Amino acid sequence: MPEEGEYFGKHGEPRKYDPSFKGPIQNRGCTDIACCILFIVAILGYFAVGILAWSQGDPRKVIYPTDSRGQFCGQAGTPLENKPYLFYFNIMKCATYSKIVISWHSFCFPHYIVLLYLYMLQSDDKCFLIFRCVWRTCHGFDQYYLNQNFHCVNKRESFHRNATVVIEARQVVMKIFEDYTQSWYWILIGLVIAMLTSLLFIVLLRFLAGIMVWIMIALVILVIGYGIFHCYMEYAALKGEPGANVTLQELGFQTDFTVYLQIRQTWLAFSQLIILAIVEVIIILLLIFLRKRILIAIALIKEASRAIGHVMCSLVYPLFTFFLLVIVIAYWAVTAVYPFNSQRPLLRCVPCINWISLVLIQNYSISPMKAQCPDSECLFAFYGGETVYHKYLIGLQFYNVFLFFWCANFVTALGQMTLAGAFASYYWAFVKPDDMPAFPVFSALGRSLRYHTGTLAFGSLILSIIQIIRVLLEYLDHKLKGAQNKFAKFLLCCLKCCFWCLEKFIKFLNRNAYIMVAIYGKNFCTSARDAFFLLLRNMIRVAVLDKVTDFLLFLGKLLIVGLVGVFAFFFFSGRVRAFENTAPSLHYYWVPILTVVIGSYLIAHGFFSVYAMCVDTLFLCFLEDLERNDGSAERPYLMPESLRKILNKKNKNQPAE
C-alpha cells in the first residue's frame, strides 16, 4: 500500500497546519454569486410558468372526461352527474367518409364532421358509443341504440373484443383501490413499525455497533436463507398439481396475479440458486474477503453513532428535506398537467354559409354573428385552438422538467451541506460537546442558505443538466425502438451508459464538495478540486473504508425492510392463525405488502442517509486531520482514540499548563 506522501504533488498539495482553524469557519463570504442570481431568476420564471399554466388550464378536464358536446361526465350539479364513464373509439379507423350520412346541412368538414353532423354510422360493427357519457359499464350496451341522437353501437361480439382489455384493467385498478381502503390503517401501522425499528437500530448502534453489525449480517443471511427455504417449499408443494408446470411464457400476462403463485416456475425463479441463492452467495463471499476491513468500518460507524448522539436533531432533518421535495414534486406535477387542459371550446355556427370556420365565443346569443343571422345556432365542435401560449407549450414543459430537476437536486444538496456542517463541527471540536454550537444543525442550515445558495445552485445545475440529457436519451431510445439501424442503437446505448456513469461521478463529487464548502466556505470549483485531490491522495482508504461502510448501511436497510416485509406477508396473507380475524379481507394481499415494503425502504433510507452523510463527513475530516496534524503536542490529532488505534496513530503528551 503506497504511503500518502507518494501522491503529494501529483494530486495537489496537502493542507498545511493552521493554528487558528477550529472547525467550520464562521467568518466567511458569499460564494458563486452569479449562479445564485441565475437560480433566483430561474425560480421567478418557474413561478411565472406555473401561474400561466394555472390561469390557462381547467382542472375539471383532469378530473372529468368530456363528451362530444363539451359536457363533463359525472360532474356534480349537471345533467350528466350520474354518467361518470366516457366511451369512445377512433372513428377514423372504423369508418370511411362514404359511410357517413350528413344530416341538417350539407357542409363537408373532413376533420370535424364526425363530431358535429353524425346522423347514422354503419361501419361493419366496429363502432361503439362514440364520445358519449354513460351511467355504467356492462355487457348490455350492445342492445342500446341511439340513432336519433347521431350515435351508434356495435354488436356483442365486437364490443367484447374491443373492450375486454380496458374493462379488466379497470377492474384490477378498482380492486387495488378497494384493497387500499380496507388496509390503509394497517399499512400505516407497518410504516410506523419500520420507523421505530430504524430508530431502535440507530440507538443500538451507538452503544453496540460491533455486535449489532455482526448480528445484522447474520440476520440478513438468515432472512435470505428463509426466503430460499420458503420458495423451495412452495415449489415442492406444487409438484403434481394440475397446471402447475405451465411456464411463465405460456401463461402470458394475467390481471389476476395470484395465478402466477400457482405455477412452479414462479417459485423456482426465486429459489434454487437463481435469485436469492445468488444474492446469498455474493454476500457471504464479500464478508469473507472484507472481514478485516469490516472491523475498520465498525469503528467508523461507532464514531458516527457518537456524533449523531451529540446531534440528535439530525435524525429529524430528513423530514424537512422530504417536505421540501413533496412541494417540488407537487408543483411540477400540477404545472405539467394544467397546460394540457388549456384548450378552449371551439364552436361551429350553422346554417349561415359565411360562417363555416371554427369560432371561440363566450356568449353566442348576444354576438354580432347571431344578430346578422338570427336562424343560426352554435354547436360544440371540440376543445382546441392555437394561441401564442400553445405555440410555445413544448418549451414551457421542457422548462418545467428542467426546473424540477434543478429544484429537487438543490433541496438534496441543501440537506447534504447542512448535515456535513453539523457533523464537521462535532469532529473539529477539541472538547466535545463543549466546543460545539448549541444548535449545530440550525447553524449549518443558516450558513448554507446565507452564504452558499449559489454554490448549491451551481452543483445542482451541473447534475440537472446531466439528468435532463439522460431523459432526452431515454426519449430517443423509446422513439428508435422500431428502428433497424444497429449502429444508432449501439451509439445510443453507449451514450446512455456514459451519462449514467457521469451522473454517478458528479453525485459523488458534489457530495464531497459540499462537505468542504461546509467546513472552509470556499466556492464550488475550489471545494470540488480540494475534495477530489484529497480523495485521490487516499484512494485506497476511500475505495475500501467508505464503500465497506456503505455496504454495511445497505445491509441495515435490507434487514429492516426484510423484517417488516416478512411481518406484513404473514399478517396480510392470513398465514398466521392469530391474525386471521384481524387481517382485512383483500382481493390482492400483495398490494399492502408491496406498499409496506417500499415505504419501509424509504423510511430506512431516510434515517440511514443521515448515517451515511455522517460517516462521509467524518472520513473526510480525519483525512484532513492526518494531513494537518502529526500527533505532536503542538499539532495533536483531533480524531477520537478509536480511529487513532485503527491507523496506529498516537498523540504525544500535552504540554503542562
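Might you check whether a residue that is free of Cβ contacts under 8 Å to residues at least 60 places away in the same chain and of a type in the set (Gly, Ala, Ser) occurs anywhere in segment 544-563?
No, segment 544-563 contains no residue that is free of Cβ contacts under 8 Å to residues at least 60 places away in the same chain and of a type in the set (Gly, Ala, Ser).
If you scan segment 404-435, which residues turn out to be β-branched (Val, Ile, Thr) and within 16 Å of residue 611 (Cα to Cα)? Spell out how you get there, then give the answer.
Filtering segment 404-435 for residues β-branched (Val, Ile, Thr) gives 411-412, 418, 431.
If the condition is that a residue be β-branched (Val, Ile, Thr) and within 16 Å of residue 611 (Cα to Cα), then 412, 418 are the ones that fit.
Which residue, of 471, 517, is in contact (Cβ under 8 Å) with a residue 40 or more places away in the chain and either over 30 Å from residue 421 (Cα atoms) or in contact with a strand residue (DSSP E or B) (Cβ under 9 Å, 6 or more places away or on another chain) (or both)?
Values: 517 fails: either over 30 Å from residue 421 (Cα atoms) or in contact with a strand residue (DSSP E or B) (Cβ under 9 Å, 6 or more places away or on another chain) (or both).
Only one candidate qualifies: 471.
Look through segment 26-56, keep the residues that are surrounded by 15 or more Cβ atoms within 10 Å (Cβ to Cβ) and part of a loop (DSSP other than H, G, I, E, B), and return whichever of them is modelled with the lowest pLDDT.
28
Of all residues in segment 520-555, which are under 23 Å from residue 213 (Cα atoms) and of a type in the set (Lys, Arg)?
Within segment 520-555, 541, 547 meet the criteria.
Could you check, for segment 270-279, whether at least one of its residues is under 30 Å from residue 172 (Cβ atoms), in a helix (DSSP H, G or I) and at pLDDT below 70?
For segment 270-279, residues under 30 Å from residue 172 (Cβ atoms), in a helix (DSSP H, G or I) and at pLDDT below 70: absent.
Filter segment 285-299 down to the residues that are assigned to a helix (DSSP H, G or I) and surrounded by 13 or more Cβ atoms within 10 Å (Cβ to Cβ) and list them by number. Explain how you work it out, then say what you get.
Narrowing segment 285-299 to residues assigned to a helix (DSSP H, G or I): 285-289, 291-299.
Within segment 285-299, 286, 287, 293, 294, 295, 296, 297, 298, 299 qualify.
Please find, among 383, 399, 389, the residue that is modelled with pLDDT under 60 and assigned to a helix (DSSP H, G or I).
Values: 383 fails: assigned to a helix (DSSP H, G or I); 399 fails: modelled with pLDDT under 60.
Just one listed residue meets the conditions, 389.
Yes/no matrix, rows are residues, columns are (1) part of a helix (DSSP H, G or I); (2) aliphatic (A, V, I, L, M):
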{"site": "176", "(1), (2)": "yes, yes"}
{"site": "182", "(1), (2)": "yes, no"}
{"site": "189", "(1), (2)": "yes, yes"}
{"site": "200", "(1), (2)": "yes, yes"}
{"site": "208", "(1), (2)": "yes, yes"}
{"site": "211", "(1), (2)": "yes, yes"}
{"site": "214", "(1), (2)": "yes, no"}
{"site": "223", "(1), (2)": "yes, yes"}
{"site": "241", "(1), (2)": "no, no"}
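Sort through 439, 405, 423 and tell me the only one that's closer than 30 Å to residue 641 by Cα, modelled with pLDDT of 85 or more and in contact with a Ser or Thr (Cβ under 6 Å, 6 or more places away or on another chain). Reasoning before the result, please.
On the way: 439 fails: in contact with a Ser or Thr (Cβ under 6 Å, 6 or more places away or on another chain); 405 fails: closer than 30 Å to residue 641 by Cα.
The match here is 423.
Check 509, 545 and return the single one that is in a helix (DSSP H, G or I), within 27 Å of the chain's Cα centre (by Cα) and either closer than 23 Å to residue 612 by Cα or of a type in the set (Phe, Trp, Tyr) (or both). Break it down stepwise before answering.
Numbers: 545 fails: within 27 Å of the chain's Cα centre (by Cα).
Being in a helix (DSSP H, G or I), within 27 Å of the chain's Cα centre (by Cα) and either closer than 23 Å to residue 612 by Cα or of a type in the set (Phe, Trp, Tyr) (or both) holds for just one of 509, 545, which is 509.
The values are calculated or read from the model by the stated rules, or taken from the named source; none is laboratory data. Values in this document were obtained by computation on a predicted structure and should not be read as measured data. For neighbour counting, all protein chains shown are included, and Cβ atoms are generated from backbone atoms with ideal geometry for every residue, glycine included.
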